[in-house]
Amino acid sequence: MITWLAPGDPPDSFPSVERALRDPPGLLAAGGDLSTERLVAAYRRGIFPWYSPGQPVLWWSPDPREVLIPQEFHLSRSLARALRVRGFEYQADADFEAVIDACAAPRHSSPGTWITAEMRAAYVALHRRGIAHSCEIWRAGSLVGGIYGVRLGRMYFGESMFSLERDASKAALAGLVRQCLADGTELIDCQMPSEHLRSLGSRPLPRAEFLERLGRAIDATTDATGGTAAV
């Protein structure tokens, strides 16, 4: 059962994101499950799950929304040099589960994780349906950095990234940007701002503008599970 935090919304649908609570900002609802169908329905409306162990599933749509427009990616001289000389190899979907496990691993700055066993299983299921994808950096045969997220139409919704070596997560994002420029992806959703992302070119969009761009970017031929519908 989902408890809607914007009063008056019917229990069988996602609420209008314009009615999100302001405290905490962008929190829409609590409860429900992480089925593939519910997750795809949420992403199509600009909503994503984010919660801690022991909490119900919490559903968010922040205002403003942090995004990276692929054409605005900032490739610094130091990162460009790292891509040339560090021996980084970019791959997509070579080992999705290893990427999500690395993202969930404890870090010095944050010993806990929001990527619960339930979250892991849900995104692995999305990956097996061709909806969730990983962008990976390998060096000397080892996975050293990566990003995973959800792809719908011409949108990539970034979920988490990790780095085991300096510049490896930046290199993964650079690889994702190259891929987006090649295949016509219009927007990378970063969800929340950070100094790391801002240094690479991300910026905030008002939620209304984000939702307008989202509607245009999700291909009309994409079905409810993220695949391509027969036309």
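The values are calculated or read from the model by the stated rules, or taken from the named source; none is laboratory data. On a predicted model such as this, the values are computed, not experimentally measured, just so you know. Methodologically, a virtual Cβ is constructed for each residue, glycine included, from the backbone with ideal geometry; neighbour enumeration extends over all protein chains shown.
Things worth noting here:
- Here residue 27 meets each of (1) surrounded by 17 or more Cβ atoms within 10 Å (Cβ to Cβ); (2) at pLDDT below 90 with one exception, condition (2).
- Only one of the listed residues (202, 160, 134) is farther than 22 Å from residue 93 by Cα and surrounded by 14 or more Cβ atoms within 10 Å (Cβ to Cβ). That residue is 202.
- Taking segment 200-231 as the range and being polar (S, T, N, Q) and modelled with pLDDT under 95 as the test, the residues that pass are 221, 222, 225, 228.
- Among the residues of segment 49-94, the ones that are touching a Lys or Arg at 6+ places or on another chain (Cβ under 6 Å), hydrophobic (A, V, I, L, M, F, W, C) and assigned to a loop (DSSP other than H, G, I, E, B) come to 1 in all.
- Any hit, segment 48-62, residues being among the polar types (S, T, N, Q) and under 21 Å from residue 200 (Cβ atoms): no
- Qualifying positions in segment 27-44 - in a loop (DSSP other than H, G, I, E, B) and touching a residue at least 40 places away in the same chain (Cβ under 8 Å): 34, 35
- Filtered residues of segment 175-202 (kept if under 15 Å from the mean Cα position of the chain (by Cα) and either more than 16 Å from residue 79 (Cβ to Cβ) or of a type in the set (S, T, N, Q) (or both)): 180, 185, 186, 187, 188, 189, 190, 191, 192, 193, 194, 202
- Candidates 102, 121, 172, filtered to the one that is loosely packed, with under 15 Cβ neighbours inside 10 Å, modelled with pLDDT of 95 or more and out of contact with any Lys or Arg (no Cβ under 8 Å at 6 or more places or on another chain): 121
- If the condition is being over 15 Å from the mean Cα position of the chain (by Cα) and in contact (Cβ under 8 Å) with a residue 40 or more places away in the chain, then segment 131-144 contributes 137, 138, 139, 140, 143, 144.
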